[in-house]
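Asks: I'd like to ask some things about the structure below.
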Amino acid sequence: MEMLAKGMLELQVNGQKMAVLARPADTLLHVLRDQLGLTAAKPACETGDCGACTVLIDGKPVKSCMVLAPEALGHEVTTVEGLKDSPVFQAFVDTFAIQCGFCTPGFAVNAHALINACPDAGDDVIEDWMDSNLCRCTGYDEIKAAVKRALAAKKGQE
């Protein structure tokens, strides 16, 4: 959460303070992967188009390839590794929304944010939220079904 020695940053990631060595030009994506070993966010397009690198910053989905690591100072970063107990994971398994798995972490993070922000989301809202991520393996029906299942599971927990 603060700037330490030259090049050292203290980031809040998945509920823990983590010190990293980063240049001002290092993206959050590469710091998460290369320094913290959190490799679920993928370096696919690296232009912010595909969503494979999606993480949450203060609960909002962002493309980590488009965020510089120092911009995350003072914010809570959540990766898919930090969501292992969310209803989203089981929903993706139950609906076979995983396919090759490359895009799955980005979709799961985005779905987690959606169910928290819009617990009564209908088809149009789900489609709008999922439009920010691309998948080459599915027809998106399984992913939409996973989001609906996660929404239902969250309602059942309340």
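Values quoted throughout were computed directly from the atomic coordinates according to the rules given, and no laboratory measurement underlies them. These numbers come from a predicted model, not from an experiment. All Cβ positions, glycine included, derive from the backbone under ideal geometry; neighbour counts span all protein chains shown.
Asks: When the dipole is taken about the Cα centre of the chain, and only Lys, Arg (+1) and Asp, Glu (-1) are charged at their Cβ, what size is it in debye, to the nearest 20?
Replies: It works out to roughly 380 debye.
Asks: Sequence neighbours fewer than 8 away in the same chain don't count; with that in mind, list the aspartates and glutamates whose C-alpha is under 13 Å from K42.
Replies: Candidates past the 8-residue exclusion: D34, E81.
Asks: Based solely on its DSSP helices, what 222 nm [θ] is calculated for the chain when runs of n ≥ 4 H residues each add -39,500 (n - 2.57) and the sum is averaged over all residues, nearest 500 deg cm²/dmol?
Replies: Numbers: 4 runs with 47 residues, N = 158.
For the chain, the value works out to -9000 deg cm²/dmol.
Asks: Please give every one of the aspartates and glutamates within straight-line cross-link reach of K155, meaning a C-alpha to C-alpha distance under 15 Å, and leave out same-chain neighbours fewer than 8 residues apart.
Replies: Within the straight-line cut-off, K155 pairs with D120.
Asks: In nanometres, what is the gap between the two model label sites at L21 and K84, each 7 Å from Cα along Cα-to-Cβ?
Replies: Using points 7 Å along Cα→Cβ, the separation is 2.8 nm.
Asks: Does region 8-79 come out rounded, prolate or oblate by the C-alpha gyration tensor, with a ≥ b ≥ c the root eigenvalues, rounded set by a/c under 1.5 and, if not, prolate when a/b is larger than b/c and oblate if not? All intermediate terms of the calculation are to be shown ahead of the outcome.
Replies: Numbers: a/c = 1.58, a/b = 1.32, b/c = 1.20.
The shape class here is prolate.
Asks: Given 0.36 nm per residue, what is the gain on full extension from Y140 to V125 after removing their alpha carbon distance, in nm? Spell out each step's value before the answer.
Replies: Values: separation 15, 0.36 × 15 = 5.40 nm, distance 1.43 nm.
Working it through step by step, the gained length comes to 4.0 nm.
Asks: Moving to a separate point now. Where does each of 85-94, 119-128 land if you order them by average Cβ count within 10 Å, highest first?
Replies: Descending packing order for the listed peptides: 85-94, 119-128.
Asks: While we're on this one: To make sure I understand, if each residue's beta carbon is the centre and we count other beta carbons within 10 Å, what order do C135, C53 fall in, fewest to most?
Replies: Listing C135, C53 from fewest to most nearby Cβ atoms yields C135, C53.
Asks: Turning to a different aspect of this structure: Relative contact order for the chain: what percent, with Cα pairs under 8 Å and sequence separation of 6 or more? Please report the intermediate quantities before stating the final value.
Replies: Values: 284 pairs, mean separation 35.3, N = 158.
In percent, rounded to a whole number, it is 22.
Asks: Return the single residue from V147, V20, V109 with maximal mean-square fluctuation; model: Gaussian network over the chain, springs between Cα atoms under 10 Å.
Replies: V20
Asks: Give me the distance between the Cα centres of region 57-72 and region 93-153, rounded to whole Å.
Replies: 20
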